[in-house]
Amino acid sequence: MGRQSSINQLPDDIREKLQDLLRDPRVTQLDATRQINAILEAEGHPERVTKSAVNRYDLEMRDAGKKLQQSREIAKMWIGKLGAAPQGQVGNLVNEILRTLAFDLSLKLQDAELTEESIPGVIDQVKALALAVQRLEASSTLNVKREAEIRKQALEDAAKAVGEAASAQGMDATQAEFWREKVLGVRK
């Protein structure tokens, strides 16, 4: 685990100003670096940012933006494909995406160079990852149970409607019950 970026060590309001500058196509990275250093100096902060740190930060943010855009497009495609499908299918898709991300993160943690200083941070990340996976699995189980309950309720509603329709068509209570049980799949 490397040293934290000088950009990430900036006060939040100054980092937000840098983000604004980097989003403005009229402002070069060199101009952004100068403006942020001028703000830091005016506010009495001892640190300064370098052009290379601003460039790395800009590249990271652009890469993160691309990944976010891709994930939105993938989600849009799958949600469009699922259409009016039960909400549980969308939840299952999100759970699967999160499982993949958790797995990818665990692989990156394995490749991390551990030092005496970085071990507490890695332990915290592993704990957070384990908790996230636990919550994800609980959520997945809840989704499965909820889908089963919805299907069961829909089947019961359909069986009731068939029984009522059978009675309305002049069938006696035994015949109406027979058809209601057929919908439910009950065998006598």
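Here are some notes:
- Residue, nearest to Thr115 (Cα to Cα), within the stretch 1-41, restricted to residues that are part of a loop (DSSP other than H, G, I, E, B) and hydrophobic (A, V, I, L, M, F, W, C): Met1
- Among (1) in a helix (DSSP H, G or I); (2) modelled with pLDDT of 85 or more; (3) of a type outside the set (Val, Ile, Thr), the one test that Gln110 misses: (2)
- Only residues that are farther than 19 Å from Arg151 by Cβ and among the aliphatic types (A, V, I, L, M) were counted in the stretch 167-187, giving 4.
- Scan of the stretch 111-169 for residues that are among the β-branched types (Val, Ile, Thr) and in contact with a helix residue (DSSP H, G or I) (Cβ under 7 Å, 6 or more places away or on another chain), ordered by number: Val122, Val126, Val133, Val162
- Residues of the stretch 134-156 satisfying the condition of being closer than 10 Å to Val183 by Cβ and either of a type in the set (A, V, I, L, M, F, W, C) or surrounded by fewer than 11 Cβ atoms within 10 Å (Cβ to Cβ) (or both): Leu155
- Scanning the stretch 163-188 for residues that are exposed (fewer than 15 other Cβ atoms within 10 Å of the Cβ) and of a type in the set (A, V, I, L, M, F, W, C) returns Ala165, Ala168, Ala173, Val186.
The values are calculated or read from the model by the stated rules, or taken from the named source; none is laboratory data. This structure is a prediction, so every number in the text was calculated from the model and none was measured. FYI the Cβ positions are ideal-geometry reconstructions off the backbone, even for glycines, and counts take in every protein chain you see.
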